[in-house]
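Okay, so here's the structure we're looking at.
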Amino acid sequence: MSKHFHLQALSLALLTGIFSAHAADTPVKGGTLVYLEQQPHTNLYPPAGGFYPNGGILNQITDKLTWQNPKTLQVEPWVAESWSSNADKTEYTFKIRPGVTFSDGTPLDANAVAKNFDTYGLGNKALRLPVSEVINNYDHSEVVDPLTVKFYFKKPSPGFLQGTATIGSGLVSLSTLQRSFDQLGDARHIIGSGPFVVSDEKLGREVDLTARKDYQWGPKNIAQPGPANLDGIKIIVTPEDSVRIGALLAGQADFIRQVQAYDEKQAQQQNFPIYAAPTRGVNDSISFRPDNALVSDLKVRQALLHATNAQQVVQTLFSPNYPQATSVIANSAAGYVNLADKLKYDPTLAKQLLDEAGWKVGSDGIREKEGKKLALAIYESLPQPQNKEVLQLVAQQWRQVGVALAVKAGDAGSATLDNLDPLKTPLNVTEVGRADPDVIKSSFYPTNRNALLQKGGSSDKVQSFRDDKLNALLVDISAEVDPAKRLALTGDVQRYLLDQAYVIPIFEEPQVFAGAPWFKGVSFEAVGRPSFYGAWLEKH
């Protein structure tokens, strides 16, 4: 292989985010992968798989109806051999591959698929199973024959096909769907049809996966035939960044998640590859809760947007794997529009806007109005890379224009409840990965993640704020059948969110992993979760 070709292939692989080192090597069978995860999983009900520690397990033990090719973002066959839909995307029919079984021996047939999507599309109140954020306007399923299932929607649902390929649509056995949400924190209760099964778990510390020897039904268009190469995977929760990278470089681990930017060089210098998989969704951002009187004024929100120097954050704390945000969503996301001109760092303008809003600088340098100080609080988000440092740097930037920002510990007992109360927490850290325009709805719609804490969402204690124009745009994205119009609407909602200064995008968040030189063949789904199905360990 010529050096030039190798470099070309390498840069192409890096660009697609599916960097698979030396893919031409011959896979080795056997061995147990030691994988160090930053945080313990919380709940493995598949629609809760958006949290990366959850998705990292679900991606090994569940299959999906379809597979989204990470290079092209096309939806391709997996458990479904083929599919069709009507013109207005209110009906979808899937033909299921014959012979697929869950690890408990029960068939993965049309009936099982129907029960999965009835649960994900409608939820189950009695078992406290919530509706999936990737399924919109769901009505019901129909089992046409043992291997054909049809889905009906109340309104057009153009994002549904891609939704069947996401982590939240992993297929589980009927016995799993009969368990309550509270029972699904135990990985041993998740019976999937994937290439690995959960063989043991020490809650909060370790999950052991074993390869399924009779596995024969990976995505149609990937090279791996039959069962996984690895015998098993040992996932060990290792919260300390320095311990994870140290164990990897010392040969005690084969693969780690959440490599901090300042550790990347150290790994690369020792020929330990870095994998920066894009998440193609809503950028790492600060979102406002406009019900809070301190940030209800558009001018105050605009001032804080222009007081934020995202370039300084990225250059001070991160590597080139973390591009500065130029819109609400990443530049690799469907429907992205470059809105960098709306995100300019301009402290002079910020001060002018705060003056116009009636906030005058007090004796301590913090602005005040009607006896109140412009003093805000935010909880650090533990899953986001270096989030405490990001928020502390933003706090320094805001101090320059007379605004105080207190950064609270993400593991504080009060964090979860306070984050649902806009009067206590006027700001929140947001980020969602999904390679479909519906990702914006997932983040901002009241009955989804409700980043702005609108009325009608997850916590209705005190909310009166509601933006019907925004919500109408979000619903339109989820129901627009014409692909070009749907992308145009995605642009409209990005502009609107920034014109209202509801959100301050800071950087595009990748999932950054590091692997040992002897660990080969790892791949990543379209939004950065690892797949170990085709991976192997070379003898070393």
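The values are calculated or read from the model by the stated rules, or taken from the named source; none is laboratory data. Quick caveat: nothing in here was measured; it's all calculated off a predicted structure. In this analysis, Cβ positions are derived from the backbone assuming ideal geometry, glycine residues included, and neighbour counts consider all displayed protein chains. The protein model used for the area step is the full one, side chains on, heavy atoms only, and it has no ligands, DNA or RNA in it. Shrake-Rupley method; radii C 1.70, N 1.55, O 1.52, S 1.80 Å.
Given a Förster distance of 60 angstrom, what is the FRET efficiency for Glu81 paired with Gln266, based on the Cβ-Cβ distance and rounded to 0.05? If you can, show how the numbers build up before the last one.
Working: r = 46 Å, r/R0 = 0.77.
Efficiency, from the Cβ-Cβ distance: 0.85.
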Longest segment of the chain lacking GluC sites (Glu not before Pro) that sit in a DSSP loop with at most 12 other Cβ atoms within 10 Å: 1-239
If I stretch the segment between Leu122 and Asp499 completely, what's the gain in nm (0.36 nm per residue apart, minus their alpha carbon distance), one decimal? 132.3 nm
Which aspartates and glutamates does Lys485 reach when only Cα atoms under 18 Å apart count, and residues fewer than 8 places away in its own chain are ignored? Asp88, Asp436, Asp438, Asp476
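Would you mind working out the magnitude of the charge dipole of the range 378-520 relative to its Cα centre, with +1 at each Lys and Arg C-beta and -1 at each Asp and Glu C-beta, to the nearest 20 Debye? Please report the intermediate quantities before stating the final value.
Numbers: 15 positive and 18 negative charges, 39 e Å.
I would put it at about 180 debye.
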State, in angstrom, two size descriptors of the range 388-540 derived from its alpha carbons: Rg to one decimal place and Dmax to the nearest whole number. 19.5, 61
With DSSP loop assignment and no more than 16 other C-beta atoms within 10 Å, the trypsin sites (Lys or Arg not before Pro) in the range 25-85 are Lys29, Lys71
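Using a simple charge model, +1 on the beta-carbon of Lys and Arg, -1 on the beta-carbon of Asp and Glu, nothing else, what dipole does the chain show about its Cα centre, in debye to the nearest 20? The partial results should precede the final answer.
Working: 53 positive and 57 negative charges, 72 e Å.
Approximately 340 debye in magnitude.
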Write down, largest first, the equivalent ellipsoid semi-axes of the chain in whole Å, where each equals the square root of 5 times an eigenvalue of the alpha-carbon gyration tensor. 38, 28, 21
Obtain the nm distance between the two label points defined at Glu206 and Ala488 by a simple spin-label model: each point lies 7 Å from its Cα along the Cα-to-C-beta direction. 5.8 nm
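Count the net charge of all other residues whose Cβ sits under 10 Å from the Cβ of Glu81, scoring Lys and Arg as +1 and Asp and Glu as -1. Mind dumping the intermediate values first?
Values: positive: Lys95, Arg97, Lys220; negative: none.
Around Glu81, the surrounding residues sum to +3.
Distance check, please: which entries in Lys360/Lys388; Lys89/Lys520; Lys125/Lys155 exceed 30 angstrom between their Cα atoms? Working shown, then result.
Details: Lys360/Lys388 28 Å; Lys89/Lys520 40 Å; Lys125/Lys155 23 Å.
Violating the 30 Å limit, Cα to Cα: Lys89/Lys520.
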Of Lys64/Lys154; Lys351/Lys455; Lys115/Lys150; Lys202/Lys408; Lys265/Lys408, which sit over 21 Å apart, Cα to Cα? Lys64/Lys154; Lys351/Lys455; Lys202/Lys408; Lys265/Lys408
Suppose all protein chains stay in the model; what accessible area per residue would a 1.4 Å probe give for the range 23-91, in Å²? 35 Å²
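For the range 396-540, what is the accessible area per residue in Å² when the probe is 1.4 Å?
With all protein chains present, the range 396-540 gives 34 Å² per residue.
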Sum of side-chain charges, Asn283 neighbourhood, beta-carbon under 9 Å (Lys, Arg +1; Asp, Glu -1): -4
Picking from Gln162, Gln268, Ser175, whose Cα lies most toward the positive end of the charge dipole for the range 135-277 (charges on Cβ: Lys, Arg +1; Asp, Glu -1)? Gln162
Computed P(r) (all Cα pairs; the range 92-210; 10 Å bins; percent): 13, 42, 35, 9, 1
The chain - percent of accessible surface contributed by carbon and sulfur, probe 1.4 Å: 53 percent
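For Thr90, Thr447, Thr210, write out the residues from largest to smallest accessible area, computed with a 1.4 angstrom probe and no ligands counted. Walk me through the numbers before you get to the answer.
Numbers: Thr90 25, Thr447 100, Thr210 55 Å².
From most exposed to least exposed: Thr447, Thr210, Thr90.
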